[in-house]
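Enquirer: Structure incoming, see below.
The values are calculated or read from the model by the stated rules, or taken from the named source; none is laboratory data. Since we're looking at a predicted model, the values are computed, not measured. All Cβ positions, even for glycine, are placed from backbone atoms using ideal geometry, and neighbour counts span all protein chains on display.
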C-alpha cells in the first residue's frame, strides 16, 4: 500500500490585524482538513505583516513565547479539531528577552512537539531582520509527527545548502520552507533553489511565500507557493503570483526510497573530505 501524505501550504495577504489574520489562516486550515490534508504549513510570521521592511520597536509587540503564548495554544486546539499536523511560523520572545524567527510544530492530536529557530538572518534593504531576530541556536531538528518525520527551514535559510543536508541526515522526509520573498533580486531563485535542494537531499519540500503588498516598504510578495518531489519536479501547478491560495497535494513518500536507490547520494557522501566546510 502506498505511503501517501496529503499536505497543504497556504499563501495569504495581510488582513490588517493579528487576530483577524489568525482566524483567516484557521479558516483555510479547516478547508484543508475538509480536503483530507494531514499536515499544513503557514507562511513566515503567519499572523503578522512582514514588518522587517522597516526598523521600528513597535513591531516587537507581535512576539510571543513559544509554546506558552496564546497563538500556540490556540493552534494546538485547531490541530486537535482538524486532526492535522500544523507548522506555525511565528515571532518568538524568549523569557530572557531574546527574539527569534521561529516555527512551532504541533502534532495532529494537539501535542506541541518543538520548534525550529531560523539560523540565517539577513540584514539588507527591505529585509532588516537582524534588528528583530537573533540567529537560531537549536540546530536543525526533525520532528516525529503523525505523518512522519518533518523539518523546517525558514526563508533566507534556503540559500544555504548545509541546513538542507542536515535535515536530510536527521531523517526528514518532508521539509517546509515558509518565506517572505518579494519580486526582484531573488525571484528567479524561487523556482531554482527548492527543486535543487529536493534533488540533492532526496525528500519533499513545501515552499511557501506571502502574497500581495503590505503596509511597510514597497515589497510585493509574489506567492507562487508549490510542492516539489525528490526528483525536483513540481507537483501540480504552483499557486498564483497575485492571489491568496491554498495548495493541497498528495506526497508519495515511497518515492523517497525509490529515488535514493537510484541516486545513492547519502551512500556516496565523503564527509572525511568536507572539513573545509566548517571553517569560519
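Enquirer: Keeping to region 51-84, report how many residues are free of Cβ contacts under 8 Å to residues at least 24 places away in the same chain and in a strand (DSSP E or B).
Expert: 0
Enquirer: Could I ask something else about it? Of all residues in region 174-221, count the ones that are surrounded by fewer than 16 Cβ atoms within 10 Å (Cβ to Cβ), out of contact with any strand residue (DSSP E or B) (no Cβ under 8 Å at 6 or more places or on another chain) and part of a loop (DSSP other than H, G, I, E, B).
Expert: Residues in region 174-221 being surrounded by fewer than 16 Cβ atoms within 10 Å (Cβ to Cβ), out of contact with any strand residue (DSSP E or B) (no Cβ under 8 Å at 6 or more places or on another chain) and part of a loop (DSSP other than H, G, I, E, B): 6 in total.
Enquirer: Another question about this same structure. Residue 151: surrounded by 20 or more Cβ atoms within 10 Å (Cβ to Cβ) and assigned to a helix (DSSP H, G or I), yes or no?
Expert: So residue 151 does not fit the description; no.
Enquirer: Out of the residues in region 11-23 that are in contact (Cβ under 8 Å) with a residue 12 or more places away in the chain and surrounded by fewer than 19 Cβ atoms within 10 Å (Cβ to Cβ), state the one that is farthest from residue 242 (Cα to Cα).
Expert: Of everything passing the filter in region 11-23, 18 is farthest from residue 242 (Cα to Cα).
Enquirer: Filter region 240-277 down to residues that are part of a helix (DSSP H, G or I) and touching a residue at least 24 places away in the same chain (Cβ under 8 Å) and give me whichever is surrounded by the fewest Cβ atoms within 10 Å (Cβ to Cβ).
Expert: Going through the qualifying residues, I end up with 277.
Enquirer: Follow-up question, since we're still on this one. For residue 108, state whether it is in contact (Cβ under 8 Å) with a residue 24 or more places away in the chain, surrounded by 20 or more Cβ atoms within 10 Å (Cβ to Cβ) and on the phi < 0 side of the Ramachandran plot.
Expert: Here the answer is no, as residue 108 does not meet what is asked.
Enquirer: Quick one: which of 87, 39 is more than 18 Å from residue 18 (Cα to Cα), buried (at least 24 other Cβ atoms within 10 Å of the Cβ), modelled with pLDDT of 95 or more and within 18 Å of the chain's Cα centre (by Cα)?
Expert: Answer to the check: 39.
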